[in-house]
1. Against the condition among the basic types (K, R), in a helix (DSSP H, G or I) and under 27 Å from A159 (Cβ atoms), how does R106 come out, does it pass?
2. Tally the residues that are farther than 15 Å from P268 by Cα and not aromatic (F, W, Y), restricting the search to the stretch 110-156.
3. Residue by residue through the stretch 228-250, note down the ones that are at pLDDT below 95 and acidic (D, E).
4. Which members of the stretch 210-219 meet the condition of being open to solvent by 90 Å² or more (accessible area, probe 1.4 Å) and at pLDDT 90 or above?
5. Need pairs with beta-carbon distance below 7 Å; first residue in contact (Cβ under 8 Å) with a residue 60 or more places away in the chain and within the stretch 21-32, second surrounded by fewer than 14 Cβ atoms within 10 Å (Cβ to Cβ); sequence gap 6+ or separate chains.
6. Which condition does L148 not pass, out of (1) closer than 16 Å to K276 by Cα; (2) open to solvent by 40 Å² or more (accessible area, probe 1.4 Å); (3) of a type in the set (A, V, I, L, M), if it passes all the others?
7. Can you pull out the residues in the stretch 237-251 that are in contact with a helix residue (DSSP H, G or I) (Cβ under 9 Å, 6 or more places away or on another chain) and either assigned to a helix (DSSP H, G or I) or open to solvent by 20 Å² or more (accessible area, probe 1.4 Å) (or both)?
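The values are calculated or read from the model by the stated rules, or taken from the named source; none is laboratory data. As the structure is a prediction and not an experimental result, all values here were calculated from the model. Cβ placement follows ideal geometry from the backbone for every residue including glycine, while neighbour counts extend to all protein chains displayed. Quick note on the areas: whole protein, heavy atoms, side chains included, nothing else; ligands and nucleic acids left out. Shrake-Rupley method; radii C 1.70, N 1.55, O 1.52, S 1.80 Å.
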Amino acid sequence: MLGWEGICEFVSVAEQGGFTPAARKLGVSVAQVSRQVAQLEDRLQAKLLLRTTRQVRLTELGEIYYRHCRQLLDNLYEAELAVGRHQAVPQGSLRITAPVSYGESRIAPLVNDFMVRFPQLEVTLNLTNQLLDLVHEGYDLAIRLGHLKDSTLVARKLAQRVPYVCASPAYTACHGIPNSLSELARHRCLVGNSDEWYFTLDAHPHSVRVHGLLQCNSGHALLDAALKGIGIIQLPDYYVSDHLARGELIELLPELRAPAEGIWALYPHNRHLSPKVRLLVDYLAERLSAPHQPALVRPVG
C-alpha cells in the first residue's frame with residue numbers, strides 16, 4: 001500500500017502555485033517540499049508538475065492526481081472533525097451578524113440559549129440590515145433573508161418565511177376587503193423600505209406598487225399601525241402569525257399569497273470550518289424549522 005508521503009506537499013504546491021508559498025503554508029523548508037514532491041513523482045513514475053523559472057503548473061496527469069488527492073485530504077479532515085465533534089466542547093469567540101428585527105425576535109434568543117448550553121463561548125452578535133463583508137470584517141456567520149446574491153460564501157437554508165398581507169378587523173369594517181390586486185391599489189397601505197409588494201399570480205411571482213399612507217423602516221411600527229386599524233401591511237409570518245391566530249389581524253388575498261422565501265446561514269468558504277460554527281448552524285436549523293416555542297437547555301460541563 002502506498003504511503004501518504006508527498007501528497008500534502010504536492011497538493012499545497014498545486015494550490016499555492018509554487019514551492020516557496022507551499023513551504024510557507026506548511027511551515028517547512030522549500031527543499032523539503034521539493035524533495036517530497038520529487039519522491040512522489042518517482043514513486044508514481046509520472047510527471048505531475050511542470051516547473052519553469054516563473055511558475056509551476058500541473059501536467060494533465062497532475063490535474064487528475066490532484067483531484068483525487070484533494071478529495072482524500074478532505075475526507076481525512078472530515079473524519080478527524082467527526083471525532084472532534086464528539087469530544088470538543090465549543091469555546092472561544094464567535095462573531096455573528098443578522099438582520100435587526102429577525103435577529104431580535106428569533107436569532108438572539110437562540111444564540112443566548114446556545115450560550116447557556118456552552119458557557120465557554122464568547123459571542124459578538126451584530127444586528128444590522130447592512131450586508132457586511134464576512135471575510136474582511138472577521139465574521140464567522142451571517143443570517144440572511146430572502147433571495148441571495150451570487151457569492152463565494154457557503155449558504156445553508158435554515159428555514160423559510162412567508163409574507164402575509166393583512167389588516168385588523170377594525171380596518172376591514174371601515175374600508176372593506178380588497179378582492180383583487182386592482183382593488184388593493186385603492187386601499188390605505190403601510191409600507192416599509194419599499195412600496196413594492198409581492199404576490200403569486202397565475203402560478204408566477206408578481207409584484208405591484210402600493211400607495212403608502214405610512215412609510216416606516218420598522219416592521220414592528222408597521223405592525224402596531226395595522227393593529228390600530230390604520231391600514232394594510234405585508235409582513236413576514238414571524239411578525240403576524242400570533243396576531244392572525246388570535247383574530248387581531250385578518251389575512252387578505254390569501255389565494256395570491258407570495259411564495260415562501262429562504263432564511264439562510266452564510267459562512268466563508270472554508271473546509272476547516274470550526275466545530276462551534278457547525279454546531280451553532282445545526283442548532284439554528286433545528287430550532288428555526290420547528291414550531292416556535294421556548295428552548296429548553298441545560299449547561300454543559
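1. yes
2. 22
3. Residues satisfying the conditions are D237, D242.
4. Q215
5. Qualifying pairs under 7 Å: none.
6. Among (1) closer than 16 Å to K276 by Cα; (2) open to solvent by 40 Å² or more (accessible area, probe 1.4 Å); (3) of a type in the set (A, V, I, L, M), L148 violates only (1).
7. The answer is D237, Y238, Y239, V240, H243, L244, G247, E248, I250, E251.
Conditions tested, residue by residue: (1) surrounded by fewer than 15 Cβ atoms within 10 Å (Cβ to Cβ); (2) modelled with pLDDT of 90 or more; (3) among the aliphatic types (A, V, I, L, M); (4) in a strand (DSSP E or B).
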site	(1), (2), (3), (4)
L131	yes, no, yes, no
V135	yes, no, yes, no
A142	no, yes, yes, yes
A155	yes, no, yes, yes
A159	no, yes, yes, yes
V165	no, yes, yes, yes
